[in-house]
6 protein chains.
Amino acid sequence: MHAVEVSDQIMIAHSFRGEVFGPAQKVHGATFVVRVAFLAETLDPHGIVVDIAGAHAVLKAALLPLNYRNLDELPQFAGVNTTTEFLTRHIFDLVADAARSGKLGRDGRELKALRVTIAESPLARAWYEAPLW
Amino acid sequence: MHAVEVSDQIMIAHSFRGEVFGPAQKVHGATFVVRVAFLAETLDPHGIVVDIAGAHAVLKAALLPLNYRNLDELPQFAGVNTTTEFLTRHIFDLVADAARSGKLGRDGRELKALRVTIAESPLARAWYEAPLW
Amino acid sequence: MHAVEVSDQIMIAHSFRGEVFGPAQKVHGATFVVRVAFLAETLDPHGIVVDIAGAHAVLKAALLPLNYRNLDELPQFAGVNTTTEFLTRHIFDLVADAARSGKLGRDGRELKALRVTIAESPLARAWYEAPLW
Amino acid sequence: MHAVEVSDQIMIAHSFRGEVFGPAQKVHGATFVVRVAFLAETLDPHGIVVDIAGAHAVLKAALLPLNYRNLDELPQFAGVNTTTEFLTRHIFDLVADAARSGKLGRDGRELKALRVTIAESPLARAWYEAPLW
Amino acid sequence: MHAVEVSDQIMIAHSFRGEVFGPAQKVHGATFVVRVAFLAETLDPHGIVVDIAGAHAVLKAALLPLNYRNLDELPQFAGVNTTTEFLTRHIFDLVADAARSGKLGRDGRELKALRVTIAESPLARAWYEAPLW
Amino acid sequence: MHAVEVSDQIMIAHSFRGEVFGPAQKVHGATFVVRVAFLAETLDPHGIVVDIAGAHAVLKAALLPLNYRNLDELPQFAGVNTTTEFLTRHIFDLVADAARSGKLGRDGRELKALRVTIAESPLARAWYEAPLW
C-alpha cells in the first residue's frame, strides 16, 4: 500500500462537559498539528498517490472554519465535545468527501483509505483511519 | 478505527549477551521515549477513546519500576536481553492488563488493540502491536 | 557559559485586541511548549547548573495558574494582550524570583541569566532572555 | 506484530514531467529522511527483530547510489518521475531483496513485511508497505 | 531581549565548486527549513515584537525566487557557492532590508538584530546573526 | 556571526553521587543527542564556516570513547559526576583542541567560539559555549 501524508495546523479554543475531563472542563485551547494520509494500492501515471498541492488545499479548506475559533460557539458542533478524537473524525469526513468526488486529481475509486492524525501536544495525539469505500 | 496515543520517557542502563550486539554487549544506557496507542472502533459517550489522564497514569505506572535503573539488576528480567523490542512487549503486557480490566475508565471490551512504541534515539525505534482480545 | 534547559507545556485560550492580530482577535487557543534555560558561568560542586528536578518544579509552578484556562478571564492579565512574547516575560519574572531567592538549590548569585522560550506551533515561537542581576 | 525501524538521509536533485507538478517541473531538490521498518511476528533468540546495525547497513547501501546525485541523470530512473512515492517503492525493493536473502542476520522467512517512509519536509511524507512473501 | 521566530521551507538544487565538498560537487539538492528571528529590547503597545503574519510574508517573499529552483542557474548567484552558510546571509540581507524600512509593522529602529537559521537535515544546520543597525 | 552546527548521538550508562540527584544516584543511562556549533565572523573562500564532513568526524572522534560505555568505569572520569553539563564541557575541550589546531580545514584563528549542546531527553538539555581564544 502506498500513502502520501500532508500536514497543516490550527489554533482553537474549546471546553468539555463531563467530570472525566477534569480541568479541561474550563475553556482552554490547543494548537492542533493535523496530518492527513491518503492510501492507494497503486500510483497514477505520474507516479503519485494524489496531487500533493491539491491535498494541502483540501486539508486547508477543511480546517479553515475551525482556525482561530472557539469551537464551543460553532453551530456545527452544538452539543458535542470537540475532543481530539471527535475532530479527527470530523476532518476525515470532510476530506473523504473531497477524495471520493475526485477533487484530488484522481478517480476517487483509486483511493482506498484515509488516516487523519491530530497532535495536540508533544505528549498526546489521536488518529482516525477508515476505508473510503 | 480510532486511536489515542500518550507519551512518557525513562532513562535506563543495561547490557546485551550475544555477538550480534557488538559494542552494546557492554553496560550502556538509553533514554527511551515510550508511546502507547489505544485503539477502539467507537468513541464513548464523552467523545473519547480513553481517559487521557488515566492513560498517562497507566503508562507511568508501567515505566516506574524501570526508570533510573540498570535493567540487568532487575529480577523480572533475569536471563533475558532487555532489547527495545523486548521492552515494547513487556510494557504492552502491563498496559494491556490495565486496559482489559477497565482501569482506563471504559469497559475493556470496547478497546480493540494496543501499540507500544519505543524510540531509543532519533535514528532507531521499535514497536509492538496486538489485539487485546 | 553553561546552561541547563527544561521543558513543560500548557493548553490555554485567549483573544487579542488590535487589528494587527487579524483572526486572532477572536477567542482561540494554543498549546504552548515552554522551555526555561538557566545560565551560569560555573558548575556547582555536584557538576550541575541547577537541580533539574527543582527546575522542572519551579517551571510547573509558574505554569499551573495558566494551564487549562482562558487567559482573558484571569485578573492578573486584565487589560493586556497575553501574546506569546508577553507570556515569555511573565514566566521569566516568576522563575527569576525563584532563582534569585535560591529555590533552585544554589545561591541565586551564581545564576547569571534566564531564557524563556515558548513554541506556539511548529512554525512560530518567541523567547525572552535577560540577566538575573 | 513486532517492528524495528531505522533511519538515514540523502540529499538529491530531480525534476518532474507533468503539469500536475507545477513549479516542481523545474530542477529542484530535497533532503529525504528515509526510514525502513522491518515487521516480524516473533523475536529471534536474542530478543530482536533484526540486527539493527545490519539494518542500518542495508538501508545505507540502498541509498548510496542516490545520495548527492541528480536523479534525472541516473540510468536506472530513465523515463520515470522519481517522486517521493516512487522512491519509497524503489528502496522497498532493494531492502526487501536483502531481507529475503537473509542479509539481516535472520532467516528471511521470519520477516513478514517492510514499510519504507520518506519525509521530504516537515509538511509532507510518503510511505510504502507490503508483505515480503 | 525579546525575540519572535517564524519558519518556512524551500526545496532547491545546487552544486559546489571545491574539493572540500567531496560528493556535493555534483548537482544535488536540499529541503531547507528556514527560520528568521527578530530581536527587540521592548514590545510594542500591542505586546508583540513584530506582526507575525507580516514576518511570515517577508520570509516567504525572500524565499520565493529560490523555491523549486536549481540555484546554479540563478543570475544573482553566478560564481558563488550557494552553501547553507551563504544562504543564511543572503536571506538575512533581504529580511533586514524589509525590517529596517518598517515593513514589519513597526519602526525599524526598534528592531535590534536578526538571526536566520537554515536546517538542511536533522544532522546539520547553519545560522547568521547580526545587528540591524 | 556565522555558525555551522552538526549532530551525532551516543548511548551511555552512569550514576551520580549526591542526594540532589535522587533516583539518578543509581546506575541508569541516557541517549545523548550531541550538537556542536562552530562560530566564525567570516566565511572562508569556499563560502563555509568549516568543512562539515570534517566537523562530523571531529565530533565522532570525541564521542567514540564514550559510546556504549558505563562512564563510571572510565579512568578519565574517575571521581567526577558525568552530568550532562560536565559532558558538554568535556566535549567542548576535545573539539576546541581540534579546531584550534586547524583540523577543521581552516586556520583555527578564524574560528571564534564553540557551543556544545546535549539533549538528554525531549524535556531536558544542557549546553556550554565559550570563545576559542
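For a Förster distance of 51 Å, can you work out the FRET efficiency between the beta-carbons of residue D:107 and residue C:61, rounded to the nearest 0.05? Once rounded, the FRET efficiency stands at 0.35.
If you take the square roots of the eigenvalues of the alpha-carbon gyration tensor of the protein assembly as shown and sort them as a ≥ b ≥ c, do you get rounded (a/c under 1.5), prolate (a/b over b/c) or oblate? Rounded is the answer for the protein assembly as shown, as its axis ratio a/c remains below 1.5.
If you roll a 1.4 angstrom probe over the protein chains with everything in place, what fraction of the accessible area of the protein assembly as shown belongs to carbon and sulfur, to the nearest %? C and S fraction of accessible area: 55 percent. Counting only protein chain heavy atoms and rolling a 1.4 Å probe, the accessible areas of C:26, F:103 rank, largest first, as F:103, C:26.
Legend: mean number of C-beta atoms from other chains within 10 angstrom of residue C-beta atoms, peptide E:103-115, equals 0. Comparing Cα centroids, the range E:109-125 and the range B:51-66 end up 38 angstrom apart.
Residues whose amide H lies under 5 Å from that of residue E:9, counting only those 5 or more places away or on a different chain, are E:34; hydrogens are built 1.01 Å from N in the peptide plane. For residue B:17, the point set 7 Å out from Cα toward Cβ sits 3.2, 6.0, 6.0, 6.2, 7.1 nm from its twins in the other copies, listed from shortest up.
Shielding of peptide D:52-61 by partners, expressed as the average count of other chain Cβ atoms within 10 Å per residue Cβ, is 2.
When the charge dipole of chain A is built from unit charges on Cβ atoms (+1 for Lys and Arg, -1 for Asp and Glu) and taken about the Cα centre, the candidate among A:80, A:49, A:102 whose Cα reaches farthest toward its positive end is A:80. According to the calculation over all Cα-Cα pairs in the range F:43-89, the P(r) per 5 Å bin from zero is 4, 17, 20, 20, 12, 10, 8, 6, 4, 0 %.
Over the Cα atoms of chain C, the radius of gyration divided by the Kirkwood radius equals 1.01; this is the Rg/Rh ratio. What you get for the range E:75-133, charging only the Cβ of Lys and Arg (+1) and of Asp and Glu (-1), is a dipole of about 180 debye around the Cα centre. Near the amide H of residue A:103, within less than 5 Å, lie no amide hydrogens of residues on another chain or at least 5 residues away, with H placed in the peptide plane. Label points for residue B:130 are taken 7 Å from Cα along Cα→Cβ. From this copy to the others they lie 2.9, 2.9, 5.2, 5.6, 6.1 nm apart, shortest first. Overall, the protein assembly as shown carries a charge dipole of about 0 debye about its Cα centre when +1 sits on the Cβ of Lys and Arg and -1 on the Cβ of Asp and Glu, all other atoms neutral. Computed about the Cα centre, the dipole magnitude for chain B is approximately 120 debye when only Lys and Arg (+1) and Asp and Glu (-1) carry charge, each at its Cβ. A simple count of charges around residue C:27, restricted to other residues whose Cβ falls under 15 Å of its Cβ and scoring Lys, Arg +1 and Asp, Glu -1, yields +1. A 1.4 Å probe over all protein chains sorts A:19, E:5 by accessible area into A:19, E:5, starting with the largest. Computed 3J(HN,Hα) for the range E:119-128, one whole-Hz value per residue from the Karplus formula 6.51 cos²θ - 1.76 cosθ + 1.60 where θ = phi - 60°, is 8, 8, 6, x, 9, 7, 8, 9, 8, 9, glycine and proline marked x. For the charge dipole of chain E, defined by +1 on Lys and Arg C-beta atoms and -1 on Asp and Glu C-beta atoms about the Cα centroid, which residue among E:28, E:59, E:127 has the Cα displaced farthest towards the positive pole? Farthest towards the positive pole: E:28.
Each copy carries a label point for residue F:78 at 7 Å from Cα toward Cβ; from one copy, the others' points are 3.5, 6.6, 6.6, 6.6, 7.9 nm away, ordered from shortest. Backbone amide hydrogens, once placed in the peptide plane, bring residue D:113 within less than 5 Å of D:39, D:132, excluding anything fewer than 5 places away on its chain.
Surface calculation, 1.4 Å probe, protein heavy atoms: residue D:82 sits at approximately 0 Å² accessible. When its C-alpha radius of gyration is set against 2.2 N^0.38 Å (N residues), the range D:79-129 gives a value of 1.31.
Pairs spanning more than 18 Å between alpha-carbon atoms, out of D:60/D:103; C:60/C:112; F:60/F:103; D:103/F:60; A:26/A:60: C:60/C:112; D:103/F:60; A:26/A:60.
Distance to the B-onto-E rotation axis is smallest for one chain B Cβ; residue and value in angstrom are B:122, 3.
The values are calculated or read from the model by the stated rules, or taken from the named source; none is laboratory data. Everything numeric in this text was worked out from a predicted model, so none of it was measured. Here the Cβ is made from the backbone with ideal geometry for all residues, glycine too, and neighbour counts use every protein chain on show. Heavy atoms of the whole protein, side chains included, go into the accessibility calculation; ligands, DNA and RNA do not. Shrake-Rupley method; radii C 1.70, N 1.55, O 1.52, S 1.80 Å.
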